[in-house]
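Asks: I am attaching a structure below and will ask some questions about it afterwards.
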């Protein structure tokens, strides 16, 4: 898995660098320079999306075992930061989020089930915005082949989502653990299979609270609109005319592309290529679109670097506590 993530990351970076080189660093730097200190405004526009994502995630817990919002917000921030800066793609970030919740006292089953269903909610919202983006693209009377390609892509993402949801209801993790158990045949594996079956039951329990799933989807849907506002702001500060509908089209379809290419860390190359392709449909040159993409990358750094720093501080504190307990235990033994 790590090797595949590194290969995907290197390939994505190569594509992004090739696009930048093809347009000329000077032209892109000029467009990006027009943004100036305005780049500092972008995190302020993005943060409501993070707050909304944490509120959406919180809806997925049993009401009597729901973690404090501050705990969920911190875990969401650090999870998004690890997803952005570490070559573990999206899977690793979900593990980070679940671990942070468990360290805060949340039951392991609740934490694991919540991140699985939250990933499903994220994909549902991506699909919904993707189809909206296709609708906006079609209304601009753009190249019908591009619109059809976008529609097929959104449809495939929706089909994958349906399959994932059905697999969760059918006991995906218990099934996978059973298959692995036949190959491993270790004496401890029955407990792994039991835990996987418990996770499947916890996931089905989350889906059983349908009103909470609906609330989570609605919160995510509206909070995600801040990403389009951020894109519009970047273009505006660069002196480029992008309408709100065009910002929705660009943001939703590029986000859907990144979601479909989840195996590419941070969507490197995917985001840049998507912006260049779609920007041309509304009259924005590749240099401008690459500058906008780099501006969004700069915001990712401003949000994610502090997030990883906080994570390392938390993990360091946990290690020191463990080491102190271990040394105290040895002292009692002697």
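The values are calculated or read from the model by the stated rules, or taken from the named source; none is laboratory data. Computed from a predicted structure; not experimentally measured. Neighbour counts run over all protein chains shown; Cβ positions are idealised from the backbone, glycine included.
Asks: Given (1) within 19 Å of residue 113 (Cβ to Cβ); (2) at pLDDT 60 or above, identify the lone condition not met by residue 191.
Replies: Answer for residue 191: the failing condition is (2).
Asks: Turning to a different aspect of this structure: In the stretch 243-270, what count of residues is obtained for those that are closer than 22 Å to residue 34 by Cα and surrounded by fewer than 23 Cβ atoms within 10 Å (Cβ to Cβ)?
Replies: Residues in the stretch 243-270 being closer than 22 Å to residue 34 by Cα and surrounded by fewer than 23 Cβ atoms within 10 Å (Cβ to Cβ): 2 in total.
Asks: Can I ask one more? Going through the stretch 125-159 one residue at a time, which ones are within 26 Å of residue 56 (Cα to Cα) and without any contact (Cβ under 8 Å) to a residue 40 or more places away in the chain?
Replies: The answer is 131, 135, 155, 158, 159.
Asks: Give me a count of the residues in the stretch 207-235 that are buried (at least 16 other Cβ atoms within 10 Å of the Cβ), within 20 Å of the chain's Cα centre (by Cα) and in contact (Cβ under 8 Å) with a residue 40 or more places away in the chain.
Replies: Here the count works out to 14.
Asks: Considering only residues that are without any contact (Cβ under 8 Å) to a residue 24 or more places away in the chain and surrounded by fewer than 16 Cβ atoms within 10 Å (Cβ to Cβ), look in the stretch 51-65 and name the one that is nearest to residue 76 (Cα to Cα).
Replies: Filtering the stretch 51-65 down to residues without any contact (Cβ under 8 Å) to a residue 24 or more places away in the chain leaves 54, 58, 63-64.
Checking the rest, the ones that are also surrounded by fewer than 16 Cβ atoms within 10 Å (Cβ to Cβ) come to 63-64.
Values: 63: 19, 64: 20 Å.
Going through the qualifying residues, I end up with 63.
Asks: Looking only at residues in the stretch 136-145 that are at pLDDT 75 or above and surrounded by 17 or more Cβ atoms within 10 Å (Cβ to Cβ), which one is farthest from residue 281 (Cα to Cα)?
Replies: 136
Asks: Another question about this same structure. Taking residue 22 as meeting all but one of (1) at pLDDT below 75; (2) closer than 13 Å to residue 294 by Cα; (3) surrounded by fewer than 13 Cβ atoms within 10 Å (Cβ to Cβ), write down the number of the exception.
Replies: (2)
Asks: Inspect the stretch 34-50 for any residue being exposed (fewer than 13 other Cβ atoms within 10 Å of the Cβ), modelled with pLDDT of 80 or more, in a helix (DSSP H, G or I) and at negative phi and give the result as yes or no.
Replies: Yes, some residue in the stretch 34-50 is exposed (fewer than 13 other Cβ atoms within 10 Å of the Cβ), modelled with pLDDT of 80 or more, in a helix (DSSP H, G or I) and at negative phi.
Asks: Would you say residue 122 is part of a helix (DSSP H, G or I), crowded, with 18+ Cβ neighbours inside 10 Å and either touching a strand residue (DSSP E or B) at 6+ places or on another chain (Cβ under 6 Å) or at pLDDT below 90 (or both)?
Replies: No.
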